[in-house]
Amino acid sequence: MSVYDELKSRGLVAQIINEEKVKKLLSAQKTVFYIGFDPTADSLHAGHFVQTMMISHLQKAGHFPIILFGGGTGVVGDPTGKTEMRRMMTDEEISHNISCFKKQMAHLVDFSKEKAMIIDNSQWLRNLNYIDFLREIGIHFSINRMLAAECYKQRMENGLSLFELNYMVMQSYDFLFLNRNYGCNLQLGGDDQWSNIIGGVELIRRVDGKEAYALTSKLLTTSGGKKMGKTEKGAIWLDPQKTNPYEFYQYWRNVDDADVIRCLKMLTFLPLEKISTFEKLEGSEINKAKEILAFEVTKLVHGQEEAINAQISAKALFERGCADETMPRTEVNRDIFKLGDVLIVDLLAETGIIKSKSEVRRLIEQNGITIDGKKVGNITQHLSEQAFSKGYVIVRKGKKSYYKLLII
């Protein structure tokens with residue numbers, strides 16, 4: 001099976017320009033392709049993972065990836081999906097975020113010599129002469145067509161700045177620059193980037209008369225069309241300091257039954273033949289496939305040791321009901337009990353186990369909080385220092401999220 005057929009069979013391909021030529025290109029020769037990541041946070045998230053898997057599949061097939069970090073475009077910020085202009089970041093923030101991205105991507109992309117390239121578009125975007133840029137590049141963009149693109153449509157009601165309008169032009173110029181200097185003729189990206197990506201394809205054709213191609217990956221969504229990668233605490237991050245390996249494992253272990261097979265295809269390297277055997281599983285048997293999904297994805301992002309630890313923790317909690325050292329841990333200072341017992345609502349919110357007091361109250365009212373196996377019955381309930389006689393308590397949030405709360 002060709003690498004393109006593999007991507008398509010795994011449900012990774014969303015849209016493509018000139019499918020037959022791209023398929024032939026990826027089958028016949030080493031292709032230089034690129035994908036861009038704007039450093040708008042200090043970590044990649046679950047949505048980026050799909051695109052990283054695309055990179056890895058193509059690299060394993062012998063193709064050459066250019067990983068483009070948006071030190072230049074990130075200053076502007078992509079307006080796609082946003083109701084207001086992004087906060088403008090400092091150069092120091094952008095530099096820090098790029099270094100974080102590099103570290104996280106190294107788990108899935110081989111950055112050894114002549115296997116891949118990392119490049120920052122600030123190298124060329126920051127040195128452009130604005131008048132010359134408008135004369136050479138700006139004349140090829142129709143404002144009417146740009147405003148009809150999905151990435152700008154959502155912003156028209158709230159106001160779209162000239163600053164943001166430049167984003168598509170800048171991203172398109174990236175493709176032209178990489179095509180001219182590195183022979184890159186294929187751009188990858190998430191499907192929400194389609195408008196920006198085809199802008200680069202058209203720019204290369206208009207300015208240099210060359211043919212270029214585009215391939216977008218499907219967004220990570222549930223079978224009902226809702227975006228995946230979100231929890232009560234926020235996004236599922238690839239940085240273990242933001243989403244620890246146990247929480248990461250648990251997220252994939254708890255996906256809906258209807259989403260397991262699709263996630264196995266998109267987010268693991270398991271052979272499609274093996275994945276097809278899980279399609280026949282029904283009822284509680286589907287949990288076996290969920291455990292494999294959680295282990296494989298955690299292994300790819302955090303390494304085998306962390307995946308094993310997360311798996312052990314999950315089994316210890318769900319099968320034996322006991323605490324395990326690899327469980328997510330949060331500390332509480334003993335001084336908090338100086339004035340007596342502490343309101344559980346305050347304790348769980350202040351320690352960060354649950355993001356807000358209102359969220360704690362909601363969960364308690366829905367019978368969703370237990371401490372050491374005992375359900376928290378009402379929002380006025382307190383916890384004493386004596387509850388920590390063994391040095392910790394186990395907090396369960398919902399049905400399957402456990403935390404060890406230690407006293408220091």
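The values are calculated or read from the model by the stated rules, or taken from the named source; none is laboratory data. Keep in mind it's a predicted model, so treat the numbers as computed, not measured. Cβ placement follows ideal geometry from the backbone for every residue including glycine, while neighbour counts extend to all protein chains displayed.
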Close pairs from the stretch 369-387: first within 17 Å of Ile354 (Cβ to Cβ), partner hydroxyl-bearing (Ser, Thr, Tyr) and surrounded by 10 or more Cβ atoms within 10 Å (Cβ to Cβ), Cβ under 9 Å, at least 6 apart: Val376/Thr370
First in the stretch 2-14 and touching a residue at least 60 places away in the same chain (Cβ under 8 Å) and surrounded by 15 or more Cβ atoms within 10 Å (Cβ to Cβ), second anywhere and outside any loop (DSSP other than H, G, I, E, B) and of a type in the set (Asp, Glu), Cβ under 6 Å, 6 or more apart: Ala14/Asp191
From the list Leu186, Leu178, which one is in contact with a Cys (Cβ under 8 Å, 6 or more places away or on another chain), at pLDDT 95 or above and either among the β-branched types (Val, Ile, Thr) or closer than 25 Å to His48 by Cα (or both)? Leu178
Looking only at residues in the stretch 233-289 that are more than 20 Å from Ser217 (Cβ to Cβ) and of a type in the set (Val, Ile, Thr), which one is surrounded by the most Cβ atoms within 10 Å (Cβ to Cβ)? Thr243
Filter the stretch 189-227 down to residues that are touching a strand residue (DSSP E or B) at 6+ places or on another chain (Cβ under 9 Å) and either buried (at least 20 other Cβ atoms within 10 Å of the Cβ) or part of a helix (DSSP H, G or I) (or both), then give me how many there are. 18
Could you look through the stretch 358-377, keep only residues that are surrounded by 15 or more Cβ atoms within 10 Å (Cβ to Cβ), of a type outside the set (S, T, N, Q) and in a strand (DSSP E or B), and pick out the one that is farthest from the chain's Cα centre (by Cα)? Ile371
Subset of the stretch 378-391, residues modelled with pLDDT of 80 or more and not in a helix (DSSP H, G or I), comes to Asn378, Ile379, Thr380, Gln381, His382, Leu383, Ser384
Could you tell me how many of the residues in the stretch 15-38 are under 25 Å from the mean Cα position of the chain (by Cα) and either under 15 Å from Pro65 (Cα atoms) or free of Cβ contacts under 8 Å to residues at least 40 places away in the same chain (or both)? 6
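Checking the conditions here, which among Glu331, Glu279, Glu273, Glu305 is modelled with pLDDT of 85 or more, under 28 Å from Val395 (Cα atoms) and out of contact with any His (no Cβ under 7 Å at 6 or more places or on another chain)?
Numbers: Glu331 fails: modelled with pLDDT of 85 or more; Glu279 fails: under 28 Å from Val395 (Cα atoms); Glu273 fails: under 28 Å from Val395 (Cα atoms).
Exactly one of Glu331, Glu279, Glu273, Glu305 is modelled with pLDDT of 85 or more, under 28 Å from Val395 (Cα atoms) and out of contact with any His (no Cβ under 7 Å at 6 or more places or on another chain), namely Glu305.
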